[in-house]
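Below you'll find the structure, written out as structure tokens, and then a few comments.
The values are calculated or read from the model by the stated rules, or taken from the named source; none is laboratory data. Bear in mind that the values here come from a model prediction, so they are computed numbers and not experimental data. Don't worry about glycine lacking a Cβ; one is built from the backbone with ideal geometry, like all the others, and counts go over all protein chains shown.
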Amino acid sequence: MKITHIIAIIVIAVAIGIIVSTAGDASTYVNFSQAYQMASSGETKKIHVVGELKKDDSGNIIGLENGADNVSFSFLLVDDLGKEQKVFYNEPMPPDFTSSEKVVVIGSYKGENFLASKILLKCPSKYQEQKLNASL
Amino acid sequence: MLHYFIGDLGHIFVITSFVTALVCAFSYVKANAITDLGKKEAWLKNARVGFYAHTFSVLGIIVSLFVIIYQHYFEYHYAYSHSSLHLPGQYMVSCFWEGQEGSFLLWMFWHAVLGLVLIHTQRAWEAPVMVVFGLVQAFLASMILGVVIPLINIKLGSSPFILLRDAMDDPIFKMQPDFIPKDGSGLNALLQNYWMVIHPPTLFLGFACTLVPFAFCIAGLWQKKYSEWIKPALPWTLFGCAVLGLGILMGGYWAYETLNFGGYWNWDPVENAVYVPWLILIAALHTMITYKNSGTALKSAIILSISVFILILYSTFLTRSGILGDASVHSFTDLGLSGQLLIYLLFFTVAAIILAIVRWKHILSSEKEISIYSREFWIFLGATTLCLMGFQVLIPTSIPVYNKIVALFGGMSNIAPPANQIEFYSKFQLWFGAAVAILSGTGQFFWWKKMDQEKVKKEMLFPVLITLVLWAIVISMARVTEPTYLLFLFSGIYIIVSNVKVLAGILKVNPRLSGGAVAHIGIGMVLIGILFSAGYSKVVSLNNSGLLISKELDTEFNRDNLLLFINEPRTMADYEIEYKGERLEPRHKSGYVKKNDVEPTADPYKVVATKDLFFKDKKLYNAKDTFEIYPENKYYEIELRKDGKVKATVFPRIQINPSMGGFIASPDIVRNLSADLYSHVSLPMNPEAEPEWSKPEEMKLKIGENFFVNDYVAQLEDIKRIDEIQGFKLSSSDAAVEASIKIQGEHEVYEAKPIFIIKDASQVGYLPSEINDLGIKITLTNIYPPTNEFELAVSTRQKDWVVIKALEKPYINIMWIGTIILMIGFTLAFVRRFKEFREGRKAEV
């Protein structure tokens with residue numbers, strides 16, 4: 001067997017290994033009920049949940065709570081199926097949090113609570129102003 | 001008055017740039033196909049004129065757009081959404097490429113410049129190479145065309161010269177079509193940074209450079225000059241590696257200095273989208289050098305040169321089509337160009353692949369078996385590893401694309417990128433990085449000539465021994481224990497040692513050839529720097545109070561952030577740390593001034609000093625001076641002490657920007673030889689929230705009497721009658737007295753001056769005085785002339801605070817120095833290859 005063939009086999013093996021491990025390490029987008037089931041069946045992998053902040057009838061965000069010393073906070077997130085869940089985050093509130101339209105939380109359930117290790121915010125208004133400030 | 005002319009002119013330039021690019025490509029095709037020399041010359045002339053006209057149009061677009069931004073023509077969408085009246089001049093350049101249209105323009109500009117250089121230096125290759133350039137330019141111009149094709153009603157491109165009223169659906173334009181906003185919405189504060197002035201042009205020059213080897217490769221395949229294209233393309237590939245690498249590094253450095261994720265690299269899709277093409281470009285460079293020296297690896301060079309450009313197109317598609325959506329923290333405005341971008345990508349991918357397949361069997365490849373005692377063997381292995389390294393990043397980065405494709409076929413896929421991207425990518429890239437370093441370190445011992453086992457042993461013995469010794473020293477000093485880190489460290493030291501040996505040999509013989517060795521030493525330093533700064537980065541702002549995050553959540557956490565009250569020392573790492581208050585930055589002097597020492601004016605950009613202002617013993621302003629500031633920038637002075645001595649003062653910044661969602665924090669970095677201390681604000685006090693004052697405590701005092709407020713010693717010094725209050729004269733029927741109270745704070749003596757007013761001899765008014773730093777408000781509530789006593793009401797609030805996060809980044813400077821050495825190596829190599837190319841051309845003539 002030629003050396004080039006051996007190298008080719010190794011390269012193919014590594015490439016397959018990369019694809020398989022990516023599939024293994026990839027997270028998934030789920031809703032809170034699925035995430036809860038996964039956690040109760042012993043799955044510890046972190047998952048993505050997309051949701052919106054809970055708001056009252058007049059559109060004010062409710063359920064925001066600051067942790068001790070302002071170094072953490074928790075909030076209520078409503079997923080696509082309408083399930084409401086308290087989410088804890090071990091960092092102070094990100095600045096554009098309350099103006100975000102959608103929140104993606106990455107993390108997992110710890111008991112009855114969802115613990116986020118990372119929060120991604122979708123703020124379409126951030127880079128594209130919807131309204132012109134005509135009084136300027 | 002709307003300035004229609006400049007926009008129309010710009011739009012005409014856009015259209016001519018598109019048309020001339022097509023004319024140029026067509027004429028070069030003709031020139032290529034015709035054998036009659038006279039006619040060929042005529043077509044060539046035609047094509048060149050086309051390209052000159054194209055370059056002129058591109059410059060015309062840039063000048064028109066710049067005039068719109070610079071003159072503040074806010075009737076144009078581009079000026080309104082990317083600039084504002086108060087934007088400093090140097091950042092107006094950044095506005096230019098904040099928008100997608102501007103960055104396309106920048107890309108076109110560099111292609112035009114490179115095209116001009118090629119026309120003048122590559123007589124033999126001019127026609128086929130410039131066909132590729134013309135086509136690419138036509139595609140790019142189409143992205144900013146902003147023209148609706150009649151009949152099928154499809155909009156082609158998004159023009160940067162669109163008027164605000166056409167871009168935005170606002171009722172004001174119905175009532176008042178000529179409405180022009182007085183000010184623009186401004187440039188994203190994060191981009192108001194000198195790196196953002198030079199990083200995008202560098203990066204796009206790097207992008208543009210990848211077109212050169214691609215165009216030469218395509219020209220070579222097309223003209224059946226299967227191997228001759230390598231020589232003219234090689235210096236450009238080197239130049240591209242250097243510039244693209246530099247562009248990426250600048251981006252990393254900007255992120256380190258400006259963003260607050262705590263590092264220079266985040267494995268964000270946007271970063272990956274340029275990292276992968278760079279790795280493949282480096283691999284292509286090595287295979288090209290191998291071909292030049294040993295006549296092998298031609299097919300790899302062809303495949304890789306094509307891949308690099310296609311990967312650049314793929315990243316353009318990923319980052320600009322909006323497909324990344326939830327996957328990236330960077331937000332991209334979707335200009336609705338996805339279809340056009342996809343056609344751009346597919347056109348060149350399909351064309352290049354078909355051409356390569358058709359020509360494949362004609363490409364010579366060396367039949368002899370590759371020997372493991374040859375240099376090309378090791379370089380080839382290294383290039384293969386680089387490709388796998390890129391592949392490993394490309395696969396997960398493309399996850400959103402798979403979801404889209406599955407959805408396109410009616411399926412439903414919910415794959416998300418790995419939850420912890422940094423951990424995920426690092427664990428693979430670490431191994432690949434070590435492998436590349438070991439392969440390239442070893443390859444250096446085979447100096448293009450065949451060696452046998454004995455010779456190799458002799459050559460390698462000494463460097464390997466030195467590496468082992470150095471390795472042992474570093475391990476014991478830095479206490480590296482993690483097995484993968486040990487391997488990585490070994491590889492980094494090994495590549496440095498072996499290349500130092502090679503360098504020493506080369507310097508004796510021919511210093512001109514030292515580029516490769518220098519660049520590899522730089523790579524070794526970068527690897528070691530990354531290992532320490534990322535692998536051993538630690539949060540030092542740990543909050544050790546032992547509190548739970550919440551009663552409902554009974555898990556304990558690392559609390560990575562620290563709450564600091566003003567003037568109250570805390571301990572952090574080995575430091576005593578103290579928050580000393582908010583600071584402002586004068587626009588025209590370097591330094592910071594205390595926010596409490598200035599008074600605002602009606603113009604938010606101007607403040608008045610209430611006393612002489614000093615920064616580090618240097619006088620900045622006199623009392624009553626009016627000076628300009630940046631109102632959106634707020635700094636927090638934080639002092640770090642060790643054994644009672646001030647070690648450093650940091651000024652992390654937040655930028656208030658309601659349209660960006662509140663505030664943006666940027667770090668301040670204390671740079672030491674062994675480690676950087678990196679700190680940023682993670683939560684500021686909300687300036688709009690009304691403070692909660694305690695119930696006023698009343699006390700009766702005589703002049704000269706001491707008292708306590710909020711545990712501070714205070715003294716009522718004096719009471720005097722005043723005739724004017726804040727510049728307003730009192731009328732004869734009014735009376736006012738002002739108390740002066742001295743309060744001994746931690747670091748300075750503060751003065752409070754509450755005022756008691758009697759209006760028209762009957763109505764009583766109070767003007768309380770606030771000491772921000774101490775959280776105290778004092779009101780003079782009554783005067784008792786018979787006993788000569790005065791009544792004060794004192795209320796207190798929570799003191800000013802800030803939450804910060806701080807990280808330590810050990811030996812990060814090794815990485816930055818390594819990048820500089822890498823760039824020097826690239827430059828040396830480029831100079832050498834360029835000279836070779838020039839000498840070769842002279843020899844031909």
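In table form, for the structure just shown:
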{"read-out": "Boolean, B:I180 is closer than 19 Å to B:F5 by Cβ, under 29 Å from the mean Cα position of the chain (by Cα) and surrounded by fewer than 19 Cβ atoms within 10 Å (Cβ to Cβ)", "value": "no"}
{"read-out": "Residue identified as among the β-branched types (V, I, T) and over 33 Å from the mean Cα position of the chain (by Cα) among B:T35, B:T55", "value": "B:T35"}
{"read-out": "From the options B:T35, B:T55, residue that is out of contact with any Lys or Arg (no Cβ under 7 Å at 6 or more places or on another chain), under 22 Å from B:W107 (Cα atoms) and hydroxyl-bearing (S, T, Y)", "value": "B:T55"}
{"read-out": "Those residues of the range B:209-235 which are crowded, with 24+ Cβ neighbours inside 10 Å and assigned to a loop (DSSP other than H, G, I, E, B), in sequence order", "value": "B:W229"}
{"read-out": "Test: residue in the range B:106-119 that is touching a Lys or Arg at 6+ places or on another chain (Cβ under 7 Å) and among the β-branched types (V, I, T)", "value": "yes"}
{"read-out": "Breaking point among (1) more than 9 Å from every other protein chain (Cβ to nearest Cβ); (2) modelled with pLDDT under 85, for A:E65", "value": "(1)"}
{"read-out": "Residue pairs meeting the criteria (Cβ under 6 Å; at least 6 apart or on separate chains; first within 27 Å of B:E568 (Cα to Cα), in the range B:698-711; second among the polar types (S, T, N, Q) and surrounded by 12 or more Cβ atoms within 10 Å (Cβ to Cβ))", "value": "B:N706/B:Q715; B:N710/B:T796"}
{"read-out": "Selection count where residues are outside any helix (DSSP H, G or I), more than 13 Å from chain A (Cβ to nearest Cβ) and hydrophobic (A, V, I, L, M, F, W, C), scope the range B:131-185", "value": "11"}
{"read-out": "Conditions (1) within 10 Å of chain A (Cβ to nearest Cβ); (2) of a type in the set (A, V, I, L, M, F, W, C); (3) over 33 Å from the mean Cα position of the chain (by Cα): number failed by B:W378", "value": "(1)"}
{"read-out": "Sole exception among (1) modelled with pLDDT of 90 or more; (2) surrounded by fewer than 22 Cβ atoms within 10 Å (Cβ to Cβ); (3) farther than 30 Å from A:D96 by Cβ for B:T316, by number", "value": "(3)"}
{"read-out": "Strands (runs of 3 or more DSSP E) fully within the range B:770-845 counting 3 or more residues that are over 26 Å from the mean Cα position of the chain (by Cα) and closer than 24 Å to B:E578 by Cα", "value": "none"}
{"read-out": "Any pair with Cβ under 9 angstrom, 6 or more apart, that starts in the range B:464-481 at a residue that is surrounded by 12 or more Cβ atoms within 10 Å (Cβ to Cβ) and ends at one that is outside any helix (DSSP H, G or I)", "value": "B:V474/B:V480; B:I475/B:T481; B:A478/B:Y536; B:A478/B:P810; B:A478/B:Y811; B:V480/B:Y536"}
{"read-out": "Residue in the range B:70-93 that is closer than 28 Å to B:P631 by Cβ, in contact with a helix residue (DSSP H, G or I) (Cβ under 6 Å, 6 or more places away or on another chain), of a type in the set (A, V, I, L, M, F, W, C) and crowded, with 20+ Cβ neighbours inside 10 Å present", "value": "yes"}
{"read-out": "Within the range A:63-97, tally of residues that are closer than 19 Å to A:F32 by Cα, among the hydrophobic types (A, V, I, L, M, F, W, C) and not in a strand (DSSP E or B)", "value": "2"}
{"read-out": "Some residue of the range B:616-639 being among the small types (G, A, S) and within 14 Å of chain A (Cβ to nearest Cβ)", "value": "no"}
{"read-out": "Residues of the range A:99-109 satisfying the condition of being farther than 20 Å from A:D25 by Cα and at pLDDT 80 or above", "value": "A:K102, A:V103"}
{"read-out": "Test: residue in the range A:102-122 that is of a type in the set (S, T, Y), surrounded by 21 or more Cβ atoms within 10 Å (Cβ to Cβ), within 10 Å of chain B (Cβ to nearest Cβ) and closer than 22 Å to B:V681 by Cα", "value": "no"}
{"read-out": "Residue selected from the range A:31-62 under the condition assigned to a loop (DSSP other than H, G, I, E, B), among the polar types (S, T, N, Q) and within 14 Å of another protein chain (Cβ to nearest Cβ), by the criterion nearest to the chain's Cα centre (by Cα)", "value": "A:N31"}
{"read-out": "Hey, B:T290 touching a residue at least 24 places away in the same chain (Cβ under 8 Å) and more than 20 Å from B:G515 (Cβ to Cβ) or not", "value": "no"}
{"read-out": "Every residue from the range B:186-208 that is surrounded by fewer than 19 Cβ atoms within 10 Å (Cβ to Cβ), farther than 18 Å from B:I62 by Cα and either β-branched (V, I, T) or within 12 Å of another protein chain (Cβ to nearest Cβ) (or both)", "value": "B:L190"}
{"read-out": "Hey, B:I638 within 17 Å of B:S679 (Cα to Cα) and either surrounded by 15 or more Cβ atoms within 10 Å (Cβ to Cβ) or modelled with pLDDT of 85 or more (or both) or not", "value": "yes"}
{"read-out": "Residue list for the range B:683-724, filter: closer than 30 Å to A:D96 by Cβ and either within 14 Å of another protein chain (Cβ to nearest Cβ) or in a strand (DSSP E or B) (or both)", "value": "B:L683, B:P684, B:M685, B:N686, B:P687, B:E688, B:A689"}
